[in-house]
1. When you look at D11, is it of a type in the set (D, E) and modelled with pLDDT under 90, yes or no?
2. Test R73 against the stated conditions and say whether it is modelled with pLDDT of 85 or more and either open to solvent by 100 Å² or more (accessible area, probe 1.4 Å) or part of a loop (DSSP other than H, G, I, E, B) (or both).
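The values are calculated or read from the model by the stated rules, or taken from the named source; none is laboratory data. These numbers come from a predicted model, not from an experiment. Don't worry about glycine lacking a Cβ; one is built from the backbone with ideal geometry, like all the others, and counts go over all protein chains shown. We work out accessible area using only protein heavy atoms, side chains counted, and drop any ligands, DNA or RNA first. Shrake-Rupley method; radii C 1.70, N 1.55, O 1.52, S 1.80 Å.
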Amino acid sequence: KIGCMVIKRIDPGEGSSIHYGGTLPMSETERPFTTDVNGSLRGAESVTIADGSTFPHLPAKGLTFTLMANANRIGESLVERLCT
């Protein structure tokens, strides 16, 4: 409906997950395809990213709560920006 196409689907199996990091990393330097610390995608209006792709690097294990906490932080900052 939104014009996206699935190129490849990966099924990691029961109890597994895949998180991609560094796709649109947070950066202090303004470069294309990076986000600021609040998840705003540079070069695009009204696009906020709140998943693992904003992390420049991901640890091998135990990142679920970190991803959840970051998404919550970004969501709260988005609400603040929209409501003020």
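1. On the way: of a type in the set (D, E): yes; modelled with pLDDT under 90: yes.
Yes; evaluated as a whole, the condition is true for this residue.
2. Here the answer is no, as R73 does not meet what is asked.
Yes/no matrix, rows are residues, columns are (1) open to solvent by less than 90 Å² (accessible area, probe 1.4 Å); (2) touching a strand residue (DSSP E or B) at 6+ places or on another chain (Cβ under 7 Å); (3) in a strand (DSSP E or B); (4) not aliphatic (A, V, I, L, M):
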site: A44; (1), (2), (3), (4): yes, no, no, no
site: A50; (1), (2), (3), (4): yes, no, no, no
site: S53; (1), (2), (3), (4): yes, no, no, yes
site: K61; (1), (2), (3), (4): no, no, no, yes
site: F65; (1), (2), (3), (4): no, no, no, yes
site: M68; (1), (2), (3), (4): no, no, no, no
site: S77; (1), (2), (3), (4): yes, no, no, yes
site: R81; (1), (2), (3), (4): no, no, no, yes
